[in-house]
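Trainee: Take a look at this one; I'll ask things after.
Computed from the coordinates by the stated procedures, all read-outs in this text should not be read as laboratory data. The structure displayed is predicted, hence computed values, not measured ones. FYI the Cβ positions are ideal-geometry reconstructions off the backbone, even for glycines, and counts take in every protein chain you see.
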Amino acid sequence: MNKQVKERTSVFMRLLKNKGSLFGLIIIILAIFTAVFAYIVVPDSSPYANRMIPSIANKKSGFHATFLQLKNERNIPDISFFTFLLNGREDDFILQPIIGYTKNDSGYIVEKYIDDGVSEKAFYALKNISKTAVVEKSFYLGTDKFGRDILSRLIIGVRVSLAVGLIAVILSLTVGVFLGAIAGYFGGKTDNFVMWLINVIWSIPTLLLVFAITILLGKGFWQVFIAVGLTLWVSVARLVRGQIMSVKKLEYVEAARVLGFSHARIIVKHILPNITGPIMVISASNFASAIIIEAGLSFLGLGVQPPQPSWGLMIKENYNFIITNNPMLALTPGIAIMLLVLAFNLLGNGLRDAMNVD
């Protein structure tokens, strides 16, 4: 046991000494922290960061505005902290952009912001105004065509990318390890069948296969996760098959057979623990692939559906602005995808070097 602990410690220290993998690990930890506490750190904590303010649509990064907070006529129920952490909370106010205001005993006389250089006077009675009447807000990454805060939707969107990666990796490992293990261990007709299945799946372009599964399961949050996961198991199965074929003839496996251990026990307790290194490396690679596939599906309208934010969906909604004076609306989620994918690829490379995986 002490030897195993020392080996794990040694692998972890080698991983930390690799600057690339350390950078990737830091980005991943920050992404996980952001995903968990998203609704606490975002400027817009409404569900899916879907607070629409049409009059401030398509504003550039750093846009700053003054707002009058009007009471929301709907009765907003109280929710628990856990529910807020998971789904956010619906606003109990409505934000009205203003240029200036004057307060009197009966209410506020304001200059409503309509557009750049366009405004109109309006009066709001005190009974229709929240306790905190006037607030200042900055939109650090600007607003989209619906007047929603880009930064907030970007932060909430990291949940989709991490979730699709995690579920896709779990599914791909479950299917890939099982099929690869039985093919490599038993050989013969079992191996021939699994390899035939792998070759058939491998011959179909990934996106086409995802399209087919998505159309079969339907559009939605969980459907896209399952669709992506069911397309990434092939590489895992090939790897596990090859590793087990090279390991099953070693002495400790032969000794386990002589002792009368079952095939399942030999595979699960004796072989798989000794090939975890390559499996972890390909899992990191599959995590990155899943993020890219999900972004592509959302861009094409087959992934996560509005108003739930997804980085691919954000690019789709704003890519027309790349050739206008506000390209950051589309470039920002693209940069976020690039950073997260790069982080998982760097971590995978670091794991490969730390575990001496060929």
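Trainee: So for the pair Glu251, Ile335, with labels modelled 7 Å out along Cα→Cβ, what separation do we get in nm?
Mentor: Here the answer is 5.7 nm between the modelled labels.
Trainee: Around Ser61, what is the net charge, scoring Lys/Arg as +1 and Asp/Glu as -1 over all other residues with Cβ under 13 Å from its Cβ? Can you show the working numbers first?
Mentor: Numbers: positive: Lys59, Lys60; negative: Asp144, Asp149.
So the environment of Ser61 carries a net charge of 0.
Trainee: Still on this structure: Summing Lys, Arg as +1 and Asp, Glu as -1, what charge do residues with Cβ under 14 Å from the Cβ of Ser161 carry, Ser161 excluded?
Mentor: +1
Trainee: Run the simple label-point estimate for Ile99 and Lys60 please: 7 Å along Cα→C-beta, distance reported in nm.
Mentor: 2.0
Trainee: Can you list which of the DSSP-assigned H helices in the chain have a Cα extent of 30 Å or more along the long axis and an average Kyte-Doolittle score of at least -1.0? Before the final figure, lay out each step's value.
Mentor: Values: long enough: 150-186 (53 Å, 2.06); 276-299 (34 Å, 1.33); 328-354 (39 Å, 1.44).
Membrane-span-like by this criterion, though nothing is claimed about a membrane: 150-186, 276-299, 328-354.
Trainee: So for the stretch 132-209, what are the equivalent ellipsoid semi-axes in whole Å, largest first, each being the square root of 5 times an eigenvalue of the Cα gyration tensor?
Mentor: On the way: eigenvalues 483, 40, 8 Å².
Over the Cα atoms of the stretch 132-209, the ellipsoid semi-axes are 49, 14, 6 Å.
Trainee: May I pose another question? Per residue, what volume in Å³ does the Cα convex hull of the chain take up? Mind showing how you got there, number by number?
Mentor: Details: hull volume 64.7 nm³, N = 358.
That works out to 181 Å³ per residue.
Trainee: Check each of the chymotrypsin sites (Phe, Trp or Tyr not before Pro) in the stretch 4-67 and keep only those in coil by DSSP with at most 12 other C-beta atoms within 10 angstrom; list them in order.
Mentor: Phe37
Trainee: Continuing with this model, one more query. Roughly speaking, what is the centre-to-centre gap between the stretch 120-195 and the stretch 287-358 when only Cα atoms are used, to the nearest Å?
Mentor: 10
Trainee: How much net charge surrounds His270 when only other residues with a Cβ under 12 Å from its Cβ are counted (Lys, Arg +1; Asp, Glu -1)?
Mentor: Details: positive: Lys248, Arg257, Arg265, Lys269; negative: Glu251, Glu254.
Net charge in that neighbourhood comes out at +2.
Trainee: Here's something else I'd like to know. Which value results when the Cα radius of gyration for the stretch 55-101 is divided by 2.2 N^0.38 Å? List each step's numbers first, then the result.
Mentor: On the way: Rg = 14.3 Å, N = 47, 2.2 N^0.38 = 9.5 Å.
Here the answer is 1.51, to two decimals.
Trainee: Enumerate the aspartates and glutamates that Lys316 could reach by cross-link, defined here as Cα to Cα under 20 Å, with residues fewer than 8 away along the same chain left out.
Mentor: Asp144, Asp149, Glu294
Trainee: Find the lysine pairs in the stretch 53-147 meeting two conditions, Cα atoms under 22 Å apart and a separation of 8 or more places or different chains, and report how many there are.
Mentor: 25
Trainee: What ranking do 246-259, 154-167, 312-325 get when scored by the average of other Cβ atoms within 10 Å per residue, highest first? Before the final figure, lay out the partial values.
Mentor: Details: 246-259: 12.5, 154-167: 22.8, 312-325: 17.9.
Highest-to-lowest ranking by the protection proxy: 154-167, 312-325, 246-259.
Trainee: Here is a further query. Among all the lysines, which ones have a C-alpha under 23 Å from Lys17's C-alpha, if same-chain residues fewer than 8 places away are not counted?
Mentor: Lys3, Lys6
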